[in-house]
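Participant: Dumping the structure here so I can ask a few things about it.
The values are calculated or read from the model by the stated rules, or taken from the named source; none is laboratory data. Since this is a predicted model, take the numbers as computed values, not measurements. Neighbour counts are summed over all protein chains in view; Cβ atoms, including those assigned to glycine, are modelled from backbone coordinates with ideal geometry. When the accessible area is computed, the model is the full protein with side chains, heavy atoms only, and any ligands, DNA or RNA have been set aside. Shrake-Rupley method; radii C 1.70, N 1.55, O 1.52, S 1.80 Å.
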Amino acid sequence: MKYNIRECSHSELTAIITENFRAPDPDLFELARAESLRNYQGRIFIRGLVEVSNYCKRDCLYCGIRRGNKELRRYRLAPEVILDCIENGYGLGLRSFVMQGGEDPGLTDEVMTEIIREFRRRFSDASLTLSLGEKSTEVYRAFFEAGADRYLLRHETASKAHYDRLHPPEMDFDARVRCLYALKKVGFQTGAGFMVGSPFQTVEDLARDLLFLKELEPHMVGLGPFIAQEDTPFAQYPSGGAAESLVMLALTKLMLPKAMLPATTALVTILKGDRKPIFDAGANVVMPNISPLDTRKLYTLYNGKVSTGAESTEGLANLVVQIKTAGYTPEFSRGDHVEYAH
Ligand code: SAH
């Protein structure tokens with residue numbers, strides 16, 4: 001096969017990425033789409049996303065909610081508000097939810113565990129994904145035992161030297177990797193992921209991302225272009241490209257054919273709302289925002305973030321139409337990875 005990605009060496013992957021960045025090969029996308037159809041029959045899984053807090057103790061240089069951003073008004077949703085958002089999404093038919101936030105010491109692990117427990121009590125047939133950053137194995141285990149199913153923690157870049165240029169000195173690539181392996185061991189369906197076109201990134205770095213994914217074998221991979229945020233140290237850097245992100249998405253699908261791949265908001269943003277090319281490259285998850293309207297504009301990881309509201313019947317109906325028009329089947333179930341049949 002032309003793209004026997006899983007057998008490729010680092011230098012072969014580098015060459016494939018380089019060629020496809022120069023001129024994307026339609027065959028690559030056809031193969032990725034075929035894997036998506038084979039493993040998930042063209043279903044697109046819908047997960048309702050609640051952005052629980054934009055407080056963050058971290059200072060990642062690219063991120064708009066970094067602690068060093070003094071321009072940002074901070075919010076933290078109360079537990080009952082988080083559960084109300086989910087109740088509303090559940091009423092609209094959603095059965096898969098994501099709670100994402102900055103690493104907010106004010107939203108303690110104990111409170112979070114209680115929220116998860118309450119979620120599990122009230123929505124027993126729905127799945128819960130968390131994306132709350134680096135925690136100890138004990139905390140991950142407490143979250144899992146309270147009833148969370150999945151955890152997203154992007155590795156951001158698999159090149160240690162590159163990681164150091166995107167993060168302050170107190171952050172460490174090895175610590176992040178340890179978290180990812182701990183999450184898998186605890187039993188979570190685990191998500192890694194990276195940005196495309198982040199400052200200082202090379203094609204060699206991207207080839208390393210693919211090899212890292214092969215080794216970790218995460219159940220989900222979140223991938224999108226870097227987009228500058230005006231109040232960060234990277235404000236002046238150019239954004240990652242849509243074409244490049246789609247190439248990396250298709251290559252990721254070939255590397256991990258069964259992985260759940262979201263059409264990330266950053267990629268949707270740079271494609272001005274058009275999800276079809278993202279599905280055609282192998283993505284099979286969408287995560288519409290169901291956070292309260294008044295806090296949504298405060299979760300500004302980057303500039304120009306699109307917001308497809310699915311908190312309303314109309315917003316969700318529009319998304320469903322977009323999925324069908326693109327030739328795919330909207331799916332409202334728990335949305336587990338094929339190897340986690342419930
Ligand atoms: N704190 C949580 C989740 C919030 S950030 C965590 O660490 O997982 C979620 C993701 O947004 C990050 O992993 C990062 O890859 C992405 N992100 C942050 N800033 C971005 C930017 N400027 N452009 C594109 N993606 C960004």
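Participant: Calculate, for K185 and T325, the FRET efficiency according to 1/(1 + (r/R0)^6) with r their C-beta to C-beta distance and R0 30 Å; round to the nearest 0.05. The partial results should precede the final answer.
Facilitator: Numbers: r = 41 Å, r/R0 = 1.37.
Efficiency, rounded to the nearest 0.05: 0.15.
Participant: Pop out the ³J(HN,Hα) list for region 63-68 in order, Karplus 6.51 cos²θ - 1.76 cosθ + 1.60 with θ = phi - 60°, rounded to Hz; leave Gly and Pro as x.
Facilitator: 9, x, 9, 4, 4, x
Participant: Between A34 and K70, take the C-beta separation as r, use R0 = 45 Å, and let me know the FRET efficiency to the nearest 0.05. Could you put the intermediate results ahead of the total?
Facilitator: Numbers: r = 49 Å, r/R0 = 1.08.
After rounding, the FRET efficiency stands at 0.40.
Participant: Moving on to the next point. Among residues other than Y340 whose Cβ falls under 14 Å from its Cβ, what is the net charge (Lys/Arg +1, Asp/Glu -1)? Let's see the in-between values first.
Facilitator: Working: positive: R150, K184, K258, R334; negative: D149, E217, D336, E339.
Result for the local shell: 0.
Participant: For M260, which sequence-distant residues (separation of 5 or more, or a different chain) have an amide H within less than 5 Å of its own amide H, given hydrogens modelled in the peptide plane?
Facilitator: M220, V221
Participant: Which one, G89, G240, L256, projects farthest toward the positive side of the charge dipole computed for the chain from Cβ point charges (K/R +1, D/E -1)?
Facilitator: Checking the options against the dipole of the chain, the answer is G89.
Participant: Additional query: If amide H atoms are built 1.01 Å from N in the plane of the peptide, which residues on other chains or at least 5 residues away come under 5 Å of the amide H of L94?
Facilitator: none
Participant: Compute the Cα gyration tensor for the chain, then decide on rounded, prolate or oblate, letting a ≥ b ≥ c be the square roots of its eigenvalues: rounded whenever a/c is under 1.5, prolate when a/b is larger than b/c in the other cases, and oblate in all that remain. Mind dumping the intermediate values first?
Facilitator: Details: a/c = 1.41, a/b = 1.18, b/c = 1.19.
Rounded, since a/c falls under 1.5.
Participant: Here is a follow-up. Hey, got a sec? Which trypsin sites (Lys or Arg not before Pro) in region 216-322 land in a DSSP loop and have at most 16 other Cβ atoms within 10 Å? Could you put the intermediate results ahead of the total?
Facilitator: Working: sites: K253, K258, K272, R275, R296, K297, K305; in loops: K258, K272, R275, K297, K305.
Counting only loop positions with at most 16 other Cβ atoms within 10 Å, the trypsin sites (Lys or Arg not before Pro) in region 216-322 are K258, K272, K297.
Participant: Quick one: grab the alpha carbon gyration tensor of region 219-342, order the square roots of its eigenvalues as a ≥ b ≥ c, and give me rounded if a/c is under 1.5, else prolate or oblate depending on whether a/b is larger than b/c. Walk me through the intermediate numbers first.
Facilitator: Details: a/c = 1.75, a/b = 1.19, b/c = 1.47.
It is oblate, given that a/c is not under 1.5 and a/b is not larger than b/c.
Participant: Kindly report the accessible area of region 1-45 per residue (heavy atoms of protein chains, probe 1.4 Å, no ligands, DNA or RNA), in Å².
Facilitator: Per-residue accessible area for region 1-45 comes out at 56 Å².
Participant: If you don't mind, another one. Which entries in K184/K276; K2/K253; K57/K253; K214/K258; K135/K184; K70/K305 show an alpha-carbon gap greater than 21 Å? Write down the numbers at each step before the final one.
Facilitator: On the way: K184/K276 31 Å; K2/K253 15 Å; K57/K253 33 Å; K214/K258 12 Å; K135/K184 13 Å; K70/K305 19 Å.
Cα-Cα > 21 Å for K184/K276; K57/K253; rest within.
Participant: If you don't mind, another one. Taking 8 Å as the Cα distance limit and 6 or more residues as the minimum spacing, I'd like the relative contact order of the chain as a percentage.
Facilitator: Dividing the mean separation by the residue count of the chain yields 26 percent.
Participant: In addition: Which residues make up the longest stretch of the chain clear of GluC sites (Glu not before Pro) that lie in a DSSP loop with no more than 15 other Cβ atoms within 10 Å, not counting the sites?
Facilitator: On the way: sites that count: E71, E170, E230, E339.
Counting only loop sites that pass the neighbour cut-off, the longest clear stretch is 231-338.
Participant: Follow-up question, since we're still on this one. With a/c under 1.5 counting as rounded, go ahead and sort region 1-106 into rounded, prolate or oblate using the C-alpha gyration tensor (a ≥ b ≥ c being the square roots of the eigenvalues; past the cut-off, prolate if a/b is larger than b/c, else oblate). Don't skip to the end; give the middle numbers.
Facilitator: Details: a/c = 3.69, a/b = 1.58, b/c = 2.34.
Oblate.
Participant: Which whole-Hz couplings ³J(HN,Hα) result when phi for each residue of region 78-87 is put into the Karplus expression 6.51 cos²θ - 1.76 cosθ + 1.60, θ = phi - 60°, listed in order with x for Gly and Pro?
Facilitator: The phi angles translate into 6, x, 5, 5, 4, 5, 5, 4, 6, 3 Hz.
Participant: Would you grab the residues whose amide H sits under 5 Å from the one on L128? Only those 5+ places off in sequence or on another chain, please, with H modelled 1.01 Å from N.
Facilitator: Under 5 Å from the amide H of L128 lie the amide H atoms of F97, D149, R150, each far enough along the sequence or on another chain.
Participant: Report the trypsin sites (Lys or Arg not before Pro) located in region 40-94 that are in a DSSP loop and have at most 16 other Cβ atoms inside 10 Å of their Cβ, or state none. Don't skip to the answer; put the middle values down first.
Facilitator: Details: sites: R43, R47, K57, R58, R66, R67, K70, R73, R74, R76; in loops: R47, K57, R58, R66, R67, K70, R73, R74.
When the trypsin sites (Lys or Arg not before Pro) of region 40-94 are filtered for loop state and at most 16 Cβ neighbours within 10 Å, K57, K70, R73, R74 remain.
Participant: How big is the gap, in Å, between the Cα center of region 211-239 and the Cα center of region 1-64?
Facilitator: 11 Å
Participant: Sticking with this structure for a sec: Pull the list of the chain cysteines that no other Cys approaches to under 4.7 Å, Cβ to Cβ.
Facilitator: Lone cysteines by the Cβ rule: C8, C56, C85, C179.
Participant: Let me ask another. Output wanted: per-residue J couplings in Hz (rounded whole) for region 249-258, from phi through Karplus 6.51 cos²θ - 1.76 cosθ + 1.60, θ = phi - 60°, x for Gly and Pro.
Facilitator: With coefficients 6.51, -1.76 and 1.60, one gets 5, 5, 5, 5, 5, 6, 6, 10, x, 8 Hz.
Participant: If R₀ is 45 angstrom, what is the calculated FRET efficiency for the pair A23 and A161, using the beta carbon separation as r and rounding to 0.05?
Facilitator: Details: r = 29 Å, r/R0 = 0.65.
Result of the calculation: an efficiency of 0.95.
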